Amino acid sequence: DAGITQSPRYKITETGRQVTLMCHQTWSHSYMFWYRQDLGHGLRLIYYSAAADITDKGEVPDGYVVSRSKTENFPLTLESATRSQTSVYFCASRLGQASDTQYFGPGTRLTVL
Amino acid sequence: QQQVKQSPQSLIVQKGGIPIINCAYENTAFDYFPWYQQFPGKGPALLIAIRPDVSEKKEGRFTISFNKSAKQFSLHIMDSQPGDSATYFCAASRGTSGSRLTFGEGTQLTVNP
């Protein structure tokens, strides 16, 4: 029962580089989410997806791109990383209309130098 | 615009004490109020949730109190244990099965033995 996994768990990159964070869930949940966690801000929604090929912006989408070609995968790309994108990123999934519970992955700690 | 405000930022109690964490929301359309618990290095996990049709919900040692007129809700942890030391987040969403959770800033709870 793998659940929801994220890779890599830790990443150090440089300003201006492209970085892709991966998220994979084995439950066939319809909804998937990307959050960033920063001290003093809690968890802020970056993007979410209600189903394959359906994505929408969250609270802080600037500088990020997502795609969802398959139900189980929801990669997050930083096209040109900036220092302000140094954060811990969490992916989450939710079954669908029948359930409100979001299940979170273990997180990816990203440092942009 | 912070739609869910959480306090205190940190809290230290002795074993057996009853820590109380408070949240206030602005959007009257919110109708789902979960609390998430996060241990260091892990993703948040759903602890307990409430809808506005009840004023209190209890699950084990955890209780949510909800005051719709004041737009406030709180988490009480009875007989707190050192293992309860974690960061707690309140959240809110709207709609029967709201997709987008808005999180509070988090409270770091320490329960001393």
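Just a few scattered comments:
- Placed amide H near A:R68: partners under 5 Å, 5+ positions off or other chain: A:D53
- Å² per residue, accessible surface of chain B at 1.4 Å: 48 Å²
- Buried accessible area, chains B and A (both chains, 1.4 Å probe, Å² to nearest 100): 1700 Å²
- Tail weight of P(r) past 20 Å, computed on alpha-carbon pairs of chain B, percent: 35 percent
- Relative contact order computed over chain A (Cα-Cα under 8 Å; 6+ residues apart), in percent: 35 percent
- Working note: Karplus 6.51/-1.76/1.60 with θ = phi - 60° gives the range B:51-57 the couplings 10, x, 7, 10, 9, 8, 9 Hz, where Gly and Pro are set to x.
- Accessible surface for the range A:4-112, divided over its residues, is 46 Å² per residue with a 1.4 Å probe.
- When each of A:K57/B:K5; B:K15/B:K57; A:K70/B:K57; A:K11/B:K57 is checked by Cα-Cα distance, pairs over 30 Å: A:K70/B:K57; A:K11/B:K57
- Base-10 log of normalised Debye intensity for the protein assembly as shown (one unit scatterer per alpha-carbon) at q = 0.10, 0.12, 0.13 Å⁻¹: -0.45, -0.65, -0.76
- For the protein assembly as shown, the share of accessible area belonging to carbon and sulfur comes to 48 percent (1.4 Å probe, ligands and nucleic acids excluded).
- Relative contact order of the range B:15-113, pairs being alpha-carbon contacts under 8 Å that are 6 or more residues apart, as %: 34 percent
- For the protein assembly as shown, the share of DSSP beta bridges that are antiparallel, to the nearest 5, is 90%.
- Amide H contacts under 5 Å for A:E59, placed H, 5+ residues apart: A:L45, A:I46
- Calculated Rg and Dmax of the range A:4-112 using C-alpha coordinates, Å: 13.0, 42
- The range B:1-59 - convex hull of alpha carbons, volume per residue in Å³: 131 Å³
- Count Lys and Arg as plus one, Asp and Glu as minus one, and take only other residues whose Cβ is under 12 Å from that of A:T20; the net charge is then +1.
- Distant-in-sequence amide H partners of A:S99 (H built 1.01 Å from N, under 5 Å): none
- Formal net charge of residues neighbouring A:G40 (Cβ-Cβ distance under 13 Å; K, R +1; D, E -1): +1
The values are calculated or read from the model by the stated rules, or taken from the named source; none is laboratory data. Since this is a predicted model, take the numbers as computed values, not measurements. All Cβ positions, even for glycine, are placed from backbone atoms using ideal geometry, and neighbour counts span all protein chains on display. When the accessible area is computed, the model is the full protein with side chains, heavy atoms only, and any ligands, DNA or RNA have been set aside. Shrake-Rupley method; radii C 1.70, N 1.55, O 1.52, S 1.80 Å.
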